[in-house]
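Novice: Okay, handing you the structure first.
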Amino acid sequence: MTLHQLTALVTASECGSLRQAAFKMRLSQPALSRSIRELESEIGVKLLERTALGVEATVYGRALILRSKIVDAELRHAREDIAHLKAATHGDLRIGATPVAAFSLLPGVLARFKKSRPQLRVTISDGMGESLLAGLRQGDFDLVFGRIYDGIDRQEFAVDVLFDDSLVVVARRGHPLARTRQSAKINWADFEWILPGEDSPARTAFQRTFLERTSKPPRCTIEANNFVTMLTLLSQTDFLAVAPRQIFRVAWLKEGFVSLDLGFKFPAQPTGVIRRANSPLTAAAQFAIKELHCAAEQARGMA
């Protein structure tokens, strides 16, 4: 089994076509096909199968592709570590982040990071829950910064709690409920909610609390995993939403939105770093986590 063979398999699966994969790898199609056949022969199972639309991975192929991507990520990390040893300002850092990360500690940390390591390449990808863990699992991210919830497999992922947060109900400034003092008299059927997707830990926590408080599920008519989309909709409607309390300490958000005290008691939500448990961190990722810890300590000192 060689890296070239694994790359041929992954590329063919992603392209869905041997011809396109060969073009992408700058090989002849027979050469690419031969690499995959040799790999299949060595392993003893079929890795690709032809379909009416091209080729797709078998169940064995998908399992090998997942591991291949992890190997590729580890090799990328090794190259970055060597580059770091040669020049501490070089490297590549990929972070998956939930909205609370983007609006809390991460901006200041990245600003300091780039000042001390100006040639470091940083990529931030936003997401929720399982989608971020899936990216971390296959090596798309070096680390994830966001909500830490009970469903995370501690055998697969290592977690590092930086601070506790909780949810709040949010609405546009001037919303009819902003003046409400008797939450028990609210007719919840009159209000619609914008909530993240079903795989979001925040949604699960909110729906459980809402059901306990009102004996009915929330009237969710819009799902939005993108935080900017949610804010845009809130600013122009009387919808309600939930978000981490930490986010609404940002000054410019306070100008257009309010958090509402409607009698909900949400549990504390730990937030921090998630990484692959059995994979060594790059030097850049180690430095980023150290900076996040420092920022969390400073935030606690100012609270």
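Novice: For segment 109-136, give me each residue that is charged (D, E, K, R) and out of contact with any helix residue (DSSP H, G or I) (no Cβ under 8 Å at 6 or more places or on another chain).
Specialist: Lys114, Lys115, Arg121, Glu130
Novice: Follow-up. Would you please list the contacts, defined by Cβ atoms under 6 Å and residues six or more apart or on different chains, that run from a residue in segment 133-157 that is without any contact (Cβ under 8 Å) to a residue 60 or more places away in the chain to a residue that is in a strand (DSSP E or B) and open to solvent by less than 30 Å² (accessible area, probe 1.4 Å)?
Specialist: That search, which allows pairs on different chains as well, returns Gly135/Gly96; Phe141/Gly96.
Novice: Of the conditions (1) modelled with pLDDT of 85 or more; (2) within 16 Å of His4 (Cβ to Cβ); (3) of a type in the set (Val, Ile, Thr), Val71 clears all except one; give me its number.
Specialist: Among (1) modelled with pLDDT of 85 or more; (2) within 16 Å of His4 (Cβ to Cβ); (3) of a type in the set (Val, Ile, Thr), Val71 violates only (1).
Novice: Does Glu38 fit the bill of being surrounded by 14 or more Cβ atoms within 10 Å (Cβ to Cβ), acidic (Asp, Glu) and part of a helix (DSSP H, G or I)?
Specialist: yes
Novice: Can you name the residue in segment 12-43 that is under 36 Å from the mean Cα position of the chain (by Cα) and of a type in the set (Ser, Thr, Tyr) and is also nearest to Leu64 (Cα to Cα) among such residues?
Specialist: That would be Ser13.
Novice: Provide a single number: the residues in segment 41-51 that are assigned to a strand (DSSP E or B) and either in contact with a Gly (Cβ under 7 Å, 6 or more places away or on another chain) or charged (D, E, K, R) (or both).
Specialist: 3
Novice: Inside segment 106-127, can you point out the residues that are closer than 19 Å to Pro196 by Cβ and open to solvent by less than 30 Å² (accessible area, probe 1.4 Å)?
Specialist: Across segment 106-127, the qualifying residues are Leu106, Gly127.
Novice: Test Arg173 against the stated conditions and say whether it is within 30 Å of Lys290 (Cα to Cα), touching a residue at least 40 places away in the same chain (Cβ under 8 Å) and open to solvent by 80 Å² or more (accessible area, probe 1.4 Å).
Specialist: No; evaluated as a whole, the condition is false for this residue.
Novice: Residues that are hydrophobic (A, V, I, L, M, F, W, C) and open to solvent by less than 30 Å² (accessible area, probe 1.4 Å), at least 1 per element: which strands (runs of 3 or more DSSP E) completely within segment 180-288 meet that?
Specialist: 193-195, 240-244, 257-260, 269-276
The values are calculated or read from the model by the stated rules, or taken from the named source; none is laboratory data. Because the structure is a prediction, the values reported are computed rather than measured. All Cβ positions, even for glycine, are placed from backbone atoms using ideal geometry, and neighbour counts span all protein chains on display. The area values use the complete protein model at the heavy-atom level, side chains included, leaving out ligands, DNA and RNA. Shrake-Rupley method; radii C 1.70, N 1.55, O 1.52, S 1.80 Å.
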